[in-house]
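Q: Just dropping this structure here.
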Amino acid sequence: MAHFDLLLLPGDGIGPEVMAEVRRLIDWLNARGTATIAVEEGLVGGAAYDAHGVSITDATVEKALRADAVLFGAVGGPKWDDVAYEVRPEAGLLRLRKDLDLFANLRPALCYPALADASSLKRELVEGLDIMIVRELTGGVYFGEPKEIVETERGKRAVDTQVYESWEIDRIARAAFDLARKRRGLVHSAEKRNVMKTGVLWREVVSAVHAADYQDVQLEHILADNCAMQLVRAPKQFDVIVTDNLFGDMLSDEAAMLTGSLGMLPSASLGAPDETGRRKALYEPVHGSAPDIAGQGKANPIAMIASFAMALRYSLELAEEADRLEAAIAAVLDKGLRTGDIMQEGMRLVSTAEMGEAILAEMDAAA
Ligand code: IPM
Ligand code: MG
């Protein structure tokens, strides 16, 4: 039987609650003998800061490097608003992305039929929506140097640096084209070439990769601001959107909201395949730590559970289990179970644990 090592980093706020529902699924898979999944847990974000004074320790990063996959909850909260920038909760996540070289961030925005009315857009605009945002995750303005605030004669001066090299654009473009081949064969590449040099290079490299190796895929270039607008005007025109780190951050929040709730959307962050074909990977919900509802059993665990489904698919080679888990989520929604964030009239309001149990029961029934 295949053996896998997972590192669980629940983090802060609702992170531990939604991770507990994934634990349940891991126990179930182990009990059924589908695979043997060994689990280690670690601290990240504010939880790590409280224990160790840093947002992630070297030892935890080492474990992440060795694991078959990392499952990440969420980090941050008002409690840590005043800690030094270098050790703020988010720094732990950014370090993991960088040290594991997880350059390809896959953020699907899928509208479950049962939730089409929970979207802020009209049902006909979002019903059947299935977009994949491919966000470059280890470059751009998130990591570019200099990044600083300095004193000048006129006051302070803050600098962030947006920088991309062609090889970084090349590899993320390939990731997007490869995915499009397994989907509807359309890639929109979003940048701001009208004001940014990185946008000019982005378009040039994406076009070159397309011309060289992916002419069977349809490529459209789109300005990132227009892309944001088109996402709310006619989101179904998109299949795969490939874009840089910062635009990807924003466009994925926007796309997430089209589906009804940020509490629904999973993500996978993947590195390059090594000689054995294995890729480092981290799976996390797109939503944050939601400190306002933490510890109350109100959080929607679906984004975390769907992130685990992506882990089953991309890291554990358990595609069938991944399909079954995604079907279980859809079935539970069809039956009218709702956490508060996606509650609608006539539906049944359930807690985090009840949602997790119901999804597990569907898995059990389908097994
Ligand atoms: C995300 C988040 C992070 C980001 C934060 C928590 C650093 O918003 O994963 O989208 O900006 O990348
Ligand atoms: Mg974000």
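The values are calculated or read from the model by the stated rules, or taken from the named source; none is laboratory data. This is a predicted model, so every value here is computed, not measured. Note that each Cβ is placed from the backbone with ideal geometry, even for glycine, and that neighbours are counted across all protein chains shown. Please note that ligands, DNA and RNA were not included when accessible areas were found on the heavy atoms of the full protein model with its side chains. Shrake-Rupley method; radii C 1.70, N 1.55, O 1.52, S 1.80 Å.
Q: Please report, in debye to the nearest 20, how large the charge dipole of the chain is about its Cα centre when each Lys and Arg carries +1 at its beta carbon and each Asp and Glu carries -1 there.
A: Details: 39 positive and 58 negative charges, 122 e Å.
The dipole of the chain has a size of about 580 debye.
Q: Which of the trypsin sites (Lys or Arg not before Pro) found in segment 44-126 are in a DSSP loop and have at most 15 neighbouring Cβ atoms, other than their own, within 10 Å?
A: On the way: sites: K63, R66, K79, R95, R97, K98, K122, R123; in loops: K122.
Those satisfying the criteria are K122.
Q: Now a separate question. Given H placed 1.01 Å from N in the peptide plane, which residues other than close sequence neighbours of S189 have an amide H under 5 Å from its amide H?
A: Counting only residues 5 or more places away or on other chains, the set is E220, H221, I222, V242.
Q: Run the 1.4 Å probe and let me know the accessible area of D216, rounded to the nearest 10 Å².
A: D216 has an accessible surface of roughly 100 Å² with all protein chains in place.
Q: Ordering Y112, Y314 from largest to smallest accessible area (1.4 angstrom probe), what's the sequence?
A: Values: Y112 25, Y314 85 Å².
Heavy-atom accessible area, descending, gives Y314, Y112.
Q: Just to check I understand the Karplus step: with θ = phi - 60° and J = 6.51 cos²θ - 1.76 cosθ + 1.60, what whole-Hz values come out for segment 129-141, glycine and proline as x?
A: Residue by residue, segment 129-141 yields 4, 8, 10, 10, 8, 10, 9, 5, 10, 10, x, x, 6 Hz.
Q: Residue-wise, which Karplus ³J(HN,Hα) couplings in Hz belong to segment 295-308, taking 6.51 cos²θ - 1.76 cosθ + 1.60, θ = phi - 60°, and x for glycine or proline?
A: Per-residue couplings from phi come out as x, 10, x, 9, 5, 7, x, 5, 4, 5, 5, 5, 5, 5 Hz.
Q: Can you tell which of M250, M264, M310 shows the greatest fluctuation in a Gaussian network model of the chain with Cα springs below 10 Å?
A: Sorting by GNM fluctuation, first place goes to M250.
Q: For segment 108-261, I need the span (max minus min coordinate) of the C-alpha atoms along each principal axis, in Å, sorted largest to smallest.
A: Largest first, segment 108-261 extends 57, 39, 23 Å along its Cα principal axes.
Q: A follow-up question, please. Suppose R0 equals 25 Å. What FRET efficiency, 1/(1 + (r/R0)^6) with r the Cβ-Cβ distance, do A212 and Q237 give to the nearest 0.05? List each step's numbers first, then the result.
A: Details: r = 26 Å, r/R0 = 1.04.
Efficiency, from the Cβ-Cβ distance: 0.45.
Q: Can I ask one more? What is the Cα centroid distance between segment 46-84 and segment 93-108, reported in whole angstrom?
A: Distance between centres, Cα-based: 14 Å.
Q: To continue, here is another question. Please identify every one of the trypsin sites (Lys or Arg not before Pro) in segment 143-218 that sits in a loop by DSSP and has no more than 12 other beta carbons within 10 Å of its own beta carbon.
A: Of the trypsin sites (Lys or Arg not before Pro), the ones in loops of segment 143-218 whose Cβ has at most 12 other Cβ atoms within 10 Å are R154, K182.
Q: Which of these, W167, W80, W202, has the largest mean-square fluctuation under a Gaussian network model of the chain (Cα springs below 10 Å)?
A: W167
Q: Karplus couplings for segment 192-197 from phi (6.51 cos²θ - 1.76 cosθ + 1.60, θ = phi - 60°), rounded to Hz, Gly and Pro as x?
A: Calculated HN-Hα couplings, in order: 10, 5, 6, 9, 10, 5 Hz.
Q: Running a GNM on the chain with Cα contacts under 10 Å, which residue among G45, G288, G155 ends up with the highest mean-square fluctuation?
A: Looking only at G45, G288, G155, the largest GNM fluctuation is found for G155.
Q: Any idea of the accessible area per residue across segment 108-261, 1.4 Å probe, to the nearest Å²? Can you show the working numbers first?
A: Values: 7230 Å² over 154 residues.
I get 47 Å² per residue for this part.
Q: For the cross-link pairs K98/K280; K122/K236; K98/K147; K63/K98; K192/K236; K63/K280, which exceed 20 Å when the distance is taken from alpha carbon to alpha carbon? Intermediate values should be presented prior to the final figure.
A: Values: K98/K280 11 Å; K122/K236 12 Å; K98/K147 16 Å; K63/K98 15 Å; K192/K236 22 Å; K63/K280 12 Å.
Listed pairs above 20 Å: K192/K236.
Q: Quick check on the chain: what does the Kirkwood estimate of hydrodynamic radius come out to from the alpha carbon pairs, in Å? Before the final figure, lay out the partial values.
A: On the way: mean 1/r = 0.0474 Å⁻¹.
After inverting the mean inverse Cα-Cα distance, the result is 21.1 Å.
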